[in-house]
Amino acid sequence: MDTKIQPRTVYLMIGFAILSLLAGFLGTLVTITGPDSWFALELIRPAWQPPNFLFGPVWTTLYILMGLAAGLVFAQGWEKKEVKIATIVFLIQLGLNVLWSYMFFGWHLLLGSTIEIFILLAMICVTMCLFYRIKHAAAYLLIPYVLWVSFATVLTATIWMINPMM
């Protein structure tokens, strides 16, 4: 069994990692959590929420892993129907990922962002299943992502429940 990764695969993995990081950057354009922000001044937040400084490094790592996973899948051949479907589903969930930042931080839609993140979580699970059928390692690379978004889903829902007028 040849386990060597071909240069083309490495380039695709890097390209998808950059694409994922760019998506993350789009989300950061509205993600403001400093001491004078809406997030800090107007929201009641649970005591168990992680400190704000943790989110940047975690998300950067997750976006890189997401891109590596997508690159592994895409390298299996765009001409294959299952690769096309998996890549499209990946891109949809990536778009939903960005949309959540705008709904929550940009537009302050707590209920909407709660509903949206449940949809995002479902799409991540679908992406993982599709990736697993094509390349097991790609699905495994998404495990930290699905775990973090599961936590973020609980956090988002909790913030919505304790801030019902928002």
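The values are calculated or read from the model by the stated rules, or taken from the named source; none is laboratory data. Model, not experiment: these values are computed from the prediction. When we count neighbours, we look across all protein chains shown, and the Cβ atoms used for this are built from the backbone with ideal geometry, even at glycine.
Pairs, please: C-beta under 6 Å, at least 6 apart or cross-chain, first residue within 19 Å of L21 (Cβ to Cβ) and in the range 64-80, second hydroxyl-bearing (S, T, Y)?
What qualifies is M66/S20; M66/Y145; G67/S20; F74/T87; A75/T9.
Across the range 131-164, what is the number of residues that are under 20 Å from I117 (Cβ atoms) and not β-branched (V, I, T)? Can you show your working first?
Initially, the range 131-164 is screened for residues under 20 Å from I117 (Cβ atoms), giving 142-164.
Applying the additional criterion that residues be not β-branched (V, I, T) yields 142, 144-145, 147-148, 150-152, 155, 157, 160-161, 163-164.
Count: 14.
Regarding the range 108-116, can at least one residue be identified that is of a type in the set (D, E, K, R) and loosely packed, with under 14 Cβ neighbours inside 10 Å? Give the steps one after another, and end with the answer.
Of the range 108-116, the ones of a type in the set (D, E, K, R) are 116.
Add one more test, that the residue is loosely packed, with under 14 Cβ neighbours inside 10 Å, and what stays is none.
No, the range 108-116 has no match at all.
Pairs needed: first member in the range 1-25, more than 14 Å from G95 (Cα to Cα); second member anywhere, part of a helix (DSSP H, G or I) and modelled with pLDDT of 95 or more; C-beta distance under 6 Å; at least 6 residues apart or different chains.
Matching pairs, first to second residue: L12/G71; L12/F74; M13/L68; M13/G71; A17/I64; A17/G67; A17/L68.
Among the residues of the range 82-90, is any assigned to a helix (DSSP H, G or I) and within 12 Å of the chain's Cα centre (by Cα)? Let's see the steps before the verdict.
Residues of the range 82-90 that are assigned to a helix (DSSP H, G or I), as a first pass: 82-90.
Right, trim to within 12 Å of the chain's Cα centre (by Cα) and you get 90.
Scanning the range 82-90 turns up at least one residue that is assigned to a helix (DSSP H, G or I) and within 12 Å of the chain's Cα centre (by Cα).
Quick check on my filter: what residues within the range 116-140 are in contact (Cβ under 8 Å) with a residue 12 or more places away in the chain and under 15 Å from T87 (Cβ atoms)?
M123, I124, V126, T127, M128, L130, F131, R133, I134, K135, A138, A139
May I ask you to verify whether T127 is of a type in the set (S, T, Y) and surrounded by fewer than 21 Cβ atoms within 10 Å (Cβ to Cβ)?
Details: of a type in the set (S, T, Y): yes; surrounded by fewer than 21 Cβ atoms within 10 Å (Cβ to Cβ): no.
So T127 does not fit the description; no.
Criterion first (touching a Pro at 6+ places or on another chain (Cβ under 7 Å) and part of a helix (DSSP H, G or I)) does L62 satisfy it? Walk me through how you get there before you give the answer.
Working: touching a Pro at 6+ places or on another chain (Cβ under 7 Å): yes; part of a helix (DSSP H, G or I): yes.
Taking the combined requirement at face value, the residue satisfies it.
From the list I143, I162, I88, I92, exactly one residue is touching a residue at least 24 places away in the same chain (Cβ under 8 Å) and either small (G, A, S) or under 25 Å from Q76 (Cβ atoms) (or both). Which is it? Write out each step before concluding.
Details: I143 fails: touching a residue at least 24 places away in the same chain (Cβ under 8 Å); I162 fails: either small (G, A, S) or under 25 Å from Q76 (Cβ atoms) (or both); I88 fails: touching a residue at least 24 places away in the same chain (Cβ under 8 Å).
That would be I92, the only listed residue that is touching a residue at least 24 places away in the same chain (Cβ under 8 Å) and either small (G, A, S) or under 25 Å from Q76 (Cβ atoms) (or both).
Out of everything in the range 1-41 that is outside any helix (DSSP H, G or I) and either in contact with a Pro (Cβ under 8 Å, 6 or more places away or on another chain) or among the charged types (D, E, K, R) (or both), what residue ends up being nearest to V98 (Cα to Cα)? Don't jump to the end; show me each part of the working.
First pass over the range 1-41, keeping only residues outside any helix (DSSP H, G or I): 1-6, 29-37.
Retained after the next criterion (residues that are either in contact with a Pro (Cβ under 8 Å, 6 or more places away or on another chain) or among the charged types (D, E, K, R) (or both)): 2, 4, 36.
On the way: D2: 37, K4: 33, D36: 23 Å.
Restricting to residues being outside any helix (DSSP H, G or I) and either in contact with a Pro (Cβ under 8 Å, 6 or more places away or on another chain) or among the charged types (D, E, K, R) (or both), the top hit is D36.
Kindly check whether there is at least one residue in the range 91-107 that is touching a helix residue (DSSP H, G or I) at 6+ places or on another chain (Cβ under 7 Å), modelled with pLDDT of 95 or more and under 23 Å from V10 (Cβ atoms).
Yes, there is a match, as at least one residue in the range 91-107 is touching a helix residue (DSSP H, G or I) at 6+ places or on another chain (Cβ under 7 Å), modelled with pLDDT of 95 or more and under 23 Å from V10 (Cβ atoms).
Would a scan of the range 68-78 turn up a residue that is modelled with pLDDT of 95 or more, loosely packed, with under 13 Cβ neighbours inside 10 Å and part of a helix (DSSP H, G or I)?
No, every residue in the range 68-78 fails to be modelled with pLDDT of 95 or more, loosely packed, with under 13 Cβ neighbours inside 10 Å and part of a helix (DSSP H, G or I).
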